[in-house]
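Asker: This is the structure I want to talk about, given as structure tokens.
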Amino acid sequence: QVHLVESGGGSVQGGGSLRLSCAASGKTFSINEMGWFRQAPGKEREGVAAIYTGGGSTYYADSVKGRFTIAQDNANKTVYLQMDSLQPEDSAMYYCAAGRAWVHWERILLSPTYNYWGQGTQVTVSS
């Protein structure tokens with residue numbers, strides 16, 4: 001029903017910036033929230049940032065708050081993740097996700113909230 005494609009990953013030095021994009025297609029009218037997750041080798045998947053698509057409220061993991069910003073462009077059906085002050089511990093595969101059902105904000109950074117996932121884009125930060 002919904003197809004997500006991430007782009008914008010790459011390699012950057014510590015302190016640098018990257019902007020990730022997630023383009024949605026299909027039945028995008030059914031999406032209530034979108035999120036960004038990341039997973040590094042040997043570590044569990046972590047919710048990084050999320051946004052309620054209707055109202056635009058945003059939420060962040062403590063590890064990225066103040067450095068990352070999530071935003072949406074409803075006209076182009078695209079969600080962005082602006083990543084500033086990147087550090088080596090930010091290195092991971094980053095995934096875009098979309099959820100159909102409304103959830104309380106306390107669950108918006110949890111994987112079970114989401115029904116659709118992109119294939120991921122790699123972010124590598126060197127010291």
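Asker: Treating cross-link reach as a plain straight distance, find the lysines whose alpha-carbon is under 26 Å from the alpha-carbon of Lys65, omitting any fewer than eight places away in the same chain.
Answerer: Counting by Cα, and skipping residues close in sequence, Lys65 has these lysines nearby: Lys43, Lys77.
Asker: Taking 0.36 nm per residue of sequence separation and subtracting the Cα-Cα distance, how much length would be gained by fully extending the chain between Val5 and Glu106, in nm to one decimal?
Answerer: Using 0.36 nm per residue and subtracting the Cα-Cα distance, I get 33.8 nm.
Asker: Relative to the present Cα-Cα distance, how much length would full extension add between Thr124 and Ala75 at 0.36 nm per residue of separation?
Answerer: Once the chain is fully extended between Thr124 and Ala75, it gains 14.6 nm.
Asker: Work out the length of the dipole vector of the chain about its Cα centre, built from +1 on the beta-carbon of each Lys and Arg and -1 on the beta-carbon of each Asp and Glu, and round it to the nearest 20 debye.
Answerer: Charge dipole, the chain, about its Cα centre: 260 debye, nearest 20.
Asker: Shifting gears a bit: Tell me which GluC sites (Glu not before Pro) from region 9-54 have a DSSP coil assignment and no more than 10 other beta carbons within 10 Å of their own.
Answerer: In loop regions of region 9-54 (DSSP not H, G, I, E or B), the sparsely surrounded GluC sites (Glu not before Pro) are Glu44.
Asker: Still on this structure, please answer the following. Trp117 to Arg19: extension gain in nm, 0.36 nm per residue of separation minus the Cα-Cα distance?
Answerer: Fully extending the segment from Trp117 to Arg19 adds 33.4 nm.
Asker: Next question. Between beta-carbons, use under 15 Å as the cut-off and find the net charge around Thr121, counting Lys and Arg +1, Asp and Glu -1.
Answerer: It works out to a net charge of +1.
Asker: What residues from region 97-127 fall in the zone where the backbone N is under 13 Å from a label point 7 Å along the Cα-to-C-beta line of Glu44?
Answerer: 110-112
Asker: With all protein chains present, how much of the accessible area of the chain (probe radius 1.4 Å) comes from carbon and sulfur, to the nearest whole percent?
Answerer: 48 percent
Asker: Okay, moving on. Give the accessible surface of region 41-127 per residue, rounded to a whole number of Å², with probe radius 1.4 Å and ligands, DNA and RNA excluded.
Answerer: Per residue, region 41-127 has an accessible area of 55 Å².
Asker: If you average the sequence gap of Cα pairs under 8 Å that are 6 or more apart and divide by the length of the chain, what percent do you get for the contact order?
Answerer: 35 percent
The values are calculated or read from the model by the stated rules, or taken from the named source; none is laboratory data. Keep in mind the model is a prediction, meaning the values are calculated, not measured. Quick reminder, even Gly has a Cβ in these numbers, built from the backbone with ideal geometry, and neighbours come from all protein chains shown. Just so you know, the surface numbers come from the protein's heavy atoms only, side chains and all, with ligands and any DNA or RNA stripped out. Shrake-Rupley method; radii C 1.70, N 1.55, O 1.52, S 1.80 Å.
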